[in-house]
1. Select from 164, 26, 64 the residue whose mean-square fluctuation is largest in a Gaussian network model of the chain (Cα-Cα springs shorter than 10 Å).
2. Which whole-number value in Å³ per residue fits the convex hull of the alpha carbons of region 57-148?
3. Find the all-direction average of the projected area of the Cα convex hull for region 53-95, expressing the result in square nanometres with one decimal place.
4. Angle, helix 50-62 long axis vs. longest principal axis of the chain, Cα atoms, 0 to 90°, nearest 10?
5. Taking the alpha-carbon set of region 179-225, what are its Rg and Dmax in Å?
6. Which one of 104, 95, 21 has the biggest mean-square fluctuation once the chain is modelled by GNM with Cα springs under 10 Å?
7. Modelled label-to-label distance, residue 77 and residue 138, 7 Å Cα→beta-carbon offset: nm?
8. With runs of 4+ DSSP H residues as the only contributors, calculate the mean residue ellipticity of the chain at 222 nm using -39,500 (n - 2.57) per run, divided by the residue total and rounded to the nearest 500.
Ligand code: C5J
């Protein structure tokens, strides 16, 4: 079984029971002019994760590892957006408002979609989620169980919000999570650092962390018939 050199110890995985999950790599979070920037954040801090994630995505596709993408967002009538989420922060621009890339975090809008460099292939499930965790109010668990997936390789943004919430949800459901340190990012460097520490604390209380190079080194090369 392949083993990734990881923190706090080696992460063993079978490619055919492992899925790569790419969390919320949406224009609204990572591109200038999106929701993230409207909230006053420096999106360049998130964009660092794009290129390493693209390399992992390419490798997983080549090795026939299942790939799943998620998007945070809401129906156009915002009926699935809790009023508390809408009101939170008293921001001048919020979910559903018109932004430079369409209505912010609304499904079907340009800004809600995944960035071009990580665009899903037609056979890769895209899970639309109204919350921070990818399991809440979605069919993600059903998809993973139906495909016999037991391990997740986790990438995406933001580290301390949707990535960490999803890892916690996955861990509670019995999935083993390897978080790729250079493929996740946060607007807040200290939150990024603490997210990695929280995952691996106490012998890997939530999972494992490794740089993408360690995962790529362990991923078996595709076999051709
Ligand atoms: C946030 C996310 N930060 N995808 N969403 O609101 O982490």
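What follows draws every value from the coordinates through simple rules; no lab data is involved. All values reported here derive from a predicted model rather than from experimental measurement. FYI the Cβ positions are ideal-geometry reconstructions off the backbone, even for glycines, and counts take in every protein chain you see.
1. Answer for the Gaussian network model of the chain: 64.
2. Once divided by residue count, the hull of region 57-148 is 114 Å³.
3. Averaged projected area of region 53-95's Cα convex hull equals 4.9 nm².
4. The angle comes out near 50 degrees.
5. Rg, Dmax (Cα atoms, Å): 13.8, 47.
6. 95
7. According to this spin-label approximation, the distance is 2.4 nm.
8. Computed mean residue ellipticity for the chain: -8000 deg cm²/dmol.
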